[in-house]
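To keep things clear, I will list the structure first and then write my remarks on it.
The values are calculated or read from the model by the stated rules, or taken from the named source; none is laboratory data. Note that this is a predicted model, so its numbers are computed, not measured. With ideal geometry, Cβ positions are generated from the backbone for all residues, glycine too; neighbour counts draw on all protein chains shown. These area figures cover heavy atoms from the full protein model, side chains too; ligands, DNA and RNA do not enter into them. Shrake-Rupley method; radii C 1.70, N 1.55, O 1.52, S 1.80 Å.
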Amino acid sequence: MSNRHSRPKTIAIVNQKGGVGKTTTAINLGAALAENGFGVAIVDLDPQGNASTGLGIDPETRDLTTYDLLLEGKSLSEVLMPTEYDKLKIVSATADLSSADIEMYSNSKRSFLLKDALTAPDVENLDLDFILIDCPPSLSLLTINAMVAAHSILVPLQSEFFALEGLSQLMLTMREVRQSANPGLRIEGVVLTMFDGRNRLAQQVLADARDTLGDLVFGTIIPRNVRVSEAPSYARSVLDYDPASKGSVAYRDLAHELAARGAA
């Protein structure tokens, strides 16, 4: 399969709260899209580098990273690393990225560094349909770079109290980015994660999200699933770790839903 556009669709996976499933979604959605024949690159924009670790990228092999893409003028083709999936590549991250915010502030194009890298001429030759950006758990300059570079944002939302309240600051930041730097930015969708259908609060969060956000909420719900939690410790996606698990089924469904939205 290939994208109808010459440039890949770039989606920033964003939520300023930690522990809501951003990295888990980046890894497993990326793997599911690759499994469906799409060319996918994950850009690990979190200094913790969990997406890199979760896809089996040993820290000692991360010679060129997102830091080099943003601040050292390296091209996307130079920094991409292969994964176990033929169609899935990653730009890895290390703790070096933690100083990037400070270093970027002195650059007049500080909000556009990632966009410039992801729209450079060489990107068209990489056979990519999707670029997924795994953002840090903050509305930092790194996250702003992701929003400026992206066509859309995907918001993982944990099924817990105050989940929707946390979206208001994110939406405000998104509105500011649209007004100042990326007028075409839109919400790709909100995906409920770590969902336990036996929990009355989780059911209420789902109902509230659909009442408030309507069709922006994906039909697919990611369940709370032990296999999803275990897979990163084996440096594998859940699709590889346990292909038949409820988590694997859910991320495959999410990939199909995302691809269908893009084709609509």
Practice item. Would you mind calculating the relative contact order of the chain from Cα pairs under 8 angstrom and at least 6 residues apart, reporting the percent as a whole number? Key: 25
Review point. Going by a ≥ b ≥ c, the root eigenvalues of the Cα gyration tensor, does region 61-134 fall in the rounded group (a/c under 1.5), the prolate group (a/b larger than b/c) or the oblate group?
Key: oblate
Review point. Considering the chain as a Gaussian network with a 10 Å cut-off on Cα pairs, which listed residue, 254, 76, 213, attains the greatest mean-square fluctuation?
Key: 213
Review point. In nm², what is the average projected area of the convex hull enclosing the Cα atoms of region 94-140?
Key: 4.3
Review point. When the accessible area of region 203-264 is split by element with a 1.4 Å probe, what percent falls to carbon and sulfur?
Key: 52
Exercise for review: When you have a sec, figure out the Kirkwood radius of region 122-197 from all distinct Cα pair distances and drop it here in Å to one decimal?
Suggested key: 13.8
Study note, to complete from the structure: Taking the dipole of the chain about the Cα centre (Lys, Arg +1; Asp, Glu -1; charges at Cβ), the one of 238, 24, 169 that reaches farthest to the positive side is 169
Practice item. List the lysines whose Cα lies under 28 Å from the Cα of residue 74, skipping any in the same chain that are fewer than 8 positions away. Key: 9, 22, 87, 89, 109, 115
Check your understanding: How big is the gap, in Å, between the Cα center of region 150-211 and the Cα center of region 104-139?
Key -> 22
Review point. Do any GluC sites (Glu not before Pro) in region 1-85 lie in a DSSP loop with no more than 14 other beta carbon atoms within 10 Å, and if so, which?
Key: 72, 84
Review point. By per-residue mean of other Cβ atoms within 10 Å, what is the highest-first order of 141-150, 88-97?
Key: 141-150, 88-97
Review point. Could you give the accessible area per residue of the chain, probe 1.4 Å, as a whole number in Å²?
Key: 44
**Study point:** Rounded percent of accessible protein surface that carbon and sulfur make up, region 29-102, 1.4 Å probe
**Key:** 46
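How about region 1-105: which chymotrypsin sites (Phe, Trp or Tyr not before Pro) there lie in a loop by DSSP and see at most 12 other Cβ atoms within 10 Å? Intermediate values should be presented prior to the final figure.
Values: sites: 38, 67, 85, 105; in loops: 38, 85, 105.
Passing sites in region 1-105 are 105.
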Review point. Which loop-located trypsin sites (Lys or Arg not before Pro) does region 1-79 contain, where loop means any DSSP state but H, G, I, E or B and the Cβ has at most 10 other Cβ atoms within 10 Å?
Key: 4
Exercise for review: Starting from the coordinates of the alpha-carbon atoms of region 130-264, obtain the Kirkwood hydrodynamic radius over all distinct pairs and give the value in Å to one decimal.
Suggested key: 16.1
